[in-house]
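Notes to accompany the following structure.
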Amino acid sequence: MMDESRYLRLVGETFRKLEDAVADVDPSDIDFDSAGDVLTFTMKNGVRCIVNTQRPTRQIWVAARANAWHFSWDEEKSAWMDDKGRGELHATLRAIAKEHAGIDVAF
């Protein structure tokens, strides 16, 4: 398992990229809130997408509607990959934004 300092650095970089991706998005399309280890994206249709850290497991968890994803860092791909093989973190968030806000966001 990766050490905590590396995990925190990777999560910090990832969260900054996610925040930057929505910085110029109209808040009526995607509203954004950050509180500690939790990022909340509220989509135009009211769906909330919650992104949070899971320090004990060294993962990033995402929840939107009735779906949940657990992303672990993949060294070979240098990316957060879903444990069930459903894709990469940024691509997943891009698909959620497209489906629920109707816009393409370059997460």
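Among the residues of region 37-79, which ones are buried (at least 18 other Cβ atoms within 10 Å of the Cβ) and basic (Lys, Arg)?
Arg58
Out of the residues in region 85-100 that are in contact with a Ser or Thr (Cβ under 9 Å, 6 or more places away or on another chain) and part of a helix (DSSP H, G or I), which is farthest from Trp69 (Cα to Cα)?
His90
Return the total of residues in region 5-36 being farther than 20 Å from Ala79 by Cβ, touching a residue at least 12 places away in the same chain (Cβ under 8 Å) and exposed (fewer than 15 other Cβ atoms within 10 Å of the Cβ).
2
Taking Ala21, is it in a helix (DSSP H, G or I) and touching an Asp or Glu at 6+ places or on another chain (Cβ under 8 Å)?
On the way: in a helix (DSSP H, G or I): yes; touching an Asp or Glu at 6+ places or on another chain (Cβ under 8 Å): no.
No: the conditions fail for Ala21.
Just to be sure I understand, how many residues within region 24-55 are assigned to a loop (DSSP other than H, G, I, E, B) and within 13 Å of the chain's Cα centre (by Cα)?
Our first condition is that a residue be assigned to a loop (DSSP other than H, G, I, E, B); within region 24-55, this holds for 24-29, 36-37, 44-47.
Those left that are additionally within 13 Å of the chain's Cα centre (by Cα): 37.
Residues flagged as assigned to a loop (DSSP other than H, G, I, E, B) and within 13 Å of the chain's Cα centre (by Cα) within region 24-55 amount to 1.
What are the pairs with Cβ atoms under 6 angstrom where one residue, in region 74-103, is under 23 Å from Leu8 (Cβ atoms) and the other, located anywhere, is surrounded by fewer than 13 Cβ atoms within 10 Å (Cβ to Cβ)? Sequence gap at least six, or different chains.
Met81/Asp74
Please list, ordered by first then second residue, the pairs with beta carbon atoms under 9 Å, 6 or more apart or interchain, first in region 56-71 and modelled with pLDDT of 95 or more, second surrounded by fewer than 16 Cβ atoms within 10 Å (Cβ to Cβ) and of a type in the set (Lys, Arg).
Short answer, once both residue conditions are applied: Arg58/Arg6; Ala63/Arg48; Ala64/Arg48; Trp69/Lys84; Trp69/Arg86; His70/Lys84.
The values are calculated or read from the model by the stated rules, or taken from the named source; none is laboratory data. Everything numeric in this text was worked out from a predicted model, so none of it was measured. A quick note on method: Cβ atoms are made from the backbone with ideal geometry, for glycine too, and the neighbour counts reach across all protein chains shown.
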